[in-house]
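Take a look at the structure set out below.
The values are calculated or read from the model by the stated rules, or taken from the named source; none is laboratory data. If you're wondering where the values come from, they're calculated on a predicted model, not measured in any experiment. Methodologically, a virtual Cβ is constructed for each residue, glycine included, from the backbone with ideal geometry; neighbour enumeration extends over all protein chains shown. Just the protein is used for accessible areas: all its heavy atoms, side chains included, with ligands, DNA and RNA removed. Shrake-Rupley method; radii C 1.70, N 1.55, O 1.52, S 1.80 Å.
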Amino acid sequence: MQTDKGQPITITEMVQLAHIGVPLDQVTWARVTMISDRWIAIRHGNREENSQKAMVTVLNPKDGTISYAGQTTADSVIMNPSQPIMALKAGLRFEVFNLDTKVLISKTRLHEPVVYWTWVSSDVIGMVTETAIYHWDLWQGNCPPEKMFMRHTRLAFSEIVSYKADPGLKWLAVTGMIPEDDKISGITQLYNAEEDITQCIAAHAVCFASYRFNDNPSPSTLFFVCTRDVQDHGKVHVIELGPYKPGNFAPRNCYDHVQYLDDPDRYDFPVSLQVSSEYGLLFVITKYGYLYICDIQTATCLCCARISMDIIFASALNTDTQGILGVTRGGQVLTIDLEKDSLISYLRETGKKSYQATRLEKAINTQ
């Protein structure tokens with residue numbers, strides 16, 4: 001279906017998690033993880049009474065097929081972004097298995113509890129504790145996780161919701177949320193691994209991507225930052241990170257304002273960013289189901305649409321369509337895709353953004 005008011009996207013339900021046996025009260029941020037568009041990993045209750053084990057279901061979000069179903073004593077499960085590899089956490093213990101060969105790849109133990117963990121690449125798992133951030137390289141034998149940097153004191157008492165890295169693992173960013181009065185504040189600690197420099201910025205959601213600007217010969221590492229201010233306004237920043245690449249123009253830093261559309265009694269804010277480097281688009285997803293599509297080259301907000309009446313707590317780029325996949329609190333796995341011709345027309349006619357329309361049309365036609 002196309003959204004109302006002629007907005008240039010389509011929204012399709014791919015899977016309903018309740019239909020594959022996942023109780024809706026267990027469709028939560030801690031139990032359902034989607035790090036890429038290849039798999040969703042779900043840890044849910046066992047039907048057997050008094051069982052100490054939970055069920056693990058791994059499914060393809062695009063067609064709903066189940067690639068793995070089994071039992072586990074782990075308290076958290078995450079799938080590798082590109083390989084059939086499952087990582088499990090049980091307290092301080094960590095194990096990684098190849099689902100195809102059923103072979104244990106690596107295991108380790110950390111000396112302090114991990115409050116957030118994720119794959120930062122196909123080879124490395126990032127772990128955030130109350131004091132520090134670690135990287136665990138699966139292919140370094142039985143080497144323990146390596147401490148990368150210490151958590152900043154400004155992240156104290158925050159709930160860690162995100163840990164991101166650039167493709168070269170040179171720039172690292174951990175984000176925490178802090179409830180304050182009637183709003184949610186976001187703090188991100190950005191760390192430069194090569195120079196051992198850290199800084200904190202106000203940001204609810206961040207991500208990195210490699211992208212080549214139209215007039216540059218070499219791709220750049222970009223840092224995307226999305227914030228929400230006290231009122232209903234916020235900003236989207238696009239920041240080109242160093243080092244400078246010969247032949248490229250000077251590093252760019254641009255931003256645009258975003259107006260958040262709160263429901264009554266619900267303070268909305270950005271929870272995730274997804275990047276289509278192919279189309280030069282940034283997708284900003286908010287907690288209460290709004291999508292903002294922004295132009296990477298200028299940070300301009302191109303359009304906004306309501307994509308769910310429910311909370312969206314997980315998302316990933318749909319690499320097939322260059323749209324996004326999202327999981328809602330109601331168990332829906334949605335794909336939100338661009339109506340490309342409609343978007344270009346929308347920008348030229350409704351949005352009055354002819355420059356962005358021409359750039360997007362060229363990007364789409366060259367794919």
Original post:
L291: accessible area at probe 1.4 Å, nearest 10 Å²?
Top reply: 10 Å²
**OP:** Pairs to check: K170/K235; K107/K245; K62/K183. Give those whose C-alpha atoms are more than 31 Å from each other in this structure.
**Re:** K107/K245; K62/K183
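Calculate, for the chain, the solvent-accessible area per residue in square angstrom, rolling a 1.4 angstrom probe over the heavy atoms of the protein chains.
Counting only protein heavy atoms, the per-residue value for the chain is 45 Å².
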Subject >> Built amide H within the under 5 Å cut-off of F269, gap 5+ >> reply: K287, Y288
Subject >> Only Lys, Arg (+1) and Asp, Glu (-1) charged, at Cβ; the range 155-214 dipole about Cα centre in debye >> reply: 300 debye
**OP:** Could you calculate the contour length gain from A132 to K352, that is, 0.36 nm times the residue separation minus the distance between their Cα atoms, to one decimal place in nm?
**Re:** 74.5 nm
**OP:** Assign unit charges at the C-beta atoms only (+1 for Lys and Arg, -1 for Asp and Glu), then state the dipole size of the range 210-317 relative to its Cα centre in Debye, rounded to the nearest 20.
**Re:** 340 debye
Original post:
Which ³J(HN,Hα) values in Hz, rounded to whole numbers, follow from the phi angles of the range 296-303 under the Karplus curve 6.51 cos²θ - 1.76 cosθ + 1.60, where θ = phi - 60° and Gly and Pro get x?
Top reply: 5, 5, 10, 6, 5, 7, 7, 6
Original post:
What share of Cα pairs, in percent, lie more than 16 angstrom apart in the range 56-138?
Top reply: 52 percent
Subject >> the chain - mean residue ellipticity at 222 nm from DSSP helices (-39,500 (n - 2.57) per run, n ≥ 4, rounded to 500) >> reply: -2000 deg cm²/dmol
**OP:** Enumerate the amide H contacts of L99 below 5 Å, restricted to partners 5 or more residues apart or on another chain; note that Pro and chain-start residues carry no placed amide H.
**Re:** I85, M86
Original post:
For the range 1-158, what are the per-bin percents of Cα-Cα distances with bins 5 Å wide, up to the bin holding the maximum?
Top reply: 2, 8, 16, 19, 17, 15, 10, 7, 4, 2, 0, 0
**OP:** Compute the whole-percent fraction of alpha carbon pairs in the range 112-200 spaced more than 16 Å apart.
**Re:** 52 percent
**OP:** Report the relative contact order of the chain, percent, no decimals, based on alpha-carbon pairs under 8 angstrom and at least 6 residues apart.
**Re:** 13 percent
**OP:** Give, rounded to the nearest 20 debye, the magnitude of the charge dipole that the range 44-132 has about its Cα centre when Lys and Arg contribute +1 at Cβ and Asp and Glu contribute -1 at Cβ.
**Re:** 140 debye
Original post:
Hey, got the Cα dimensions of the range 166-319 along the principal axes, in Å, largest first?
Top reply: 51, 32, 26
Original post:
Between Y267, V238, G330, whose Cα lies farthest towards the positive end of the dipole of the range 215-367 when Lys and Arg beta carbons carry +1 and Asp and Glu beta carbons carry -1, centred on the Cα centre?
Top reply: V238
Original post:
Residue-wise, which Karplus ³J(HN,Hα) couplings in Hz belong to the range 96-113, taking 6.51 cos²θ - 1.76 cosθ + 1.60, θ = phi - 60°, and x for glycine or proline?
Top reply: 10, 10, 8, 5, 6, 9, 6, 9, 6, 7, 6, 8, 7, 9, 9, 7, 9, x
